[in-house]
Amino acid sequence: MMITRWTPSQAVDREIALLNRALGNTISASESVYRPAIEVKEDEASYTLKVALPGVRREAIDIQVTPESVSLTAEHPSTQDKEKVTHRSELRYGKFTRQLTLARKVNPEQVTAHYENGILTLTLPKVMKIQAIKVNLFTDEPKVEAPDTQQANPAQ
């Protein structure tokens with residue numbers, strides 16, 4: 001009995017190849033899906049996101065950060081030479097977009113990015129404290145006050 005390791009990307013490529021044959025080669029299995037490897041780590045203060053983008057120029061990377069998510073868009077351009085026949089290529093080319101939803105809110109204004117040797121590293125500082133506020137609805141003019149503070153002069 002022979003054991004074969006299952007690789008999800010190869011399984012998807014096989015399915016696309018079967019679909020291509022049925023549809024007349026409208027989709028290329030080798031260009032099917034470009035999803036770079038991503039690593040997300042978390043500590044008490046921040047998330048660290050690493051994305052493998054070998055061959056992608058720094059200028060081709062677009063990063064959008066909201067308090068709840070990170071969105072990456074980039075393109076790895078094909079280097080096909082029309083005068084040469086490609087016999088085998090396991091490299092992935094094309095445009096991709098990845099959106100990651102974060103479990104805790106981050107401060108988008110404090111995000112730092114570093115790109116070296118094809119690895120994009122984002123440091124996403126978490127919002128450490130979300131302070132609740134108390135809204136006073138028992139006066140003609142509602143006032144907002146911190147929950148732990150006492151009003152010195154309620155007549156003001």
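The values are calculated or read from the model by the stated rules, or taken from the named source; none is laboratory data. Computed from a predicted model, the values in this text were never measured in an experiment. Don't worry about glycine lacking a Cβ; one is built from the backbone with ideal geometry, like all the others, and counts go over all protein chains shown.
In this structure, does Thr121 turn out to be surrounded by 14 or more Cβ atoms within 10 Å (Cβ to Cβ) and of a type in the set (Ser, Thr, Tyr)?
So Thr121 fits the description; yes.
Is it the case that Ala52 is farther than 14 Å from Arg98 by Cα, of a type in the set (A, V, I, L, M, F, W, C) and in contact (Cβ under 8 Å) with a residue 24 or more places away in the chain?
Against the criterion (farther than 14 Å from Arg98 by Cα, of a type in the set (A, V, I, L, M, F, W, C) and in contact (Cβ under 8 Å) with a residue 24 or more places away in the chain), Ala52 does not qualify.
Would you be able to tell me the number of residues in the stretch 114-133 that are of a type outside the set (Gly, Ala, Ser), closer than 17 Å to Arg58 by Cα and not in a strand (DSSP E or B)?
1
Considering only the stretch 42-74, state which residues are buried (at least 16 other Cβ atoms within 10 Å of the Cβ) and farther than 14 Å from Leu124 by Cβ.
Residues satisfying the conditions are Leu53, Val56, Ile61, Ala74.
Any chance you could count how many residues in the stretch 64-93 are of a type in the set (Gly, Ala, Ser) and over 14 Å from the mean Cα position of the chain (by Cα)?
The qualifying residues number 2.
Residues that are at pLDDT below 80 and aromatic (Phe, Trp, Tyr): does the stretch 135-143 have at least one?
Yes; the residues of the stretch 135-143 include at least one that is at pLDDT below 80 and aromatic (Phe, Trp, Tyr).
Looking only at residues in the stretch 1-41 that are assigned to a loop (DSSP other than H, G, I, E, B) and touching a strand residue (DSSP E or B) at 6+ places or on another chain (Cβ under 7 Å), which one is modelled with the highest pLDDT?
Of everything passing the filter in the stretch 1-41, Ala37 is modelled with the highest pLDDT.
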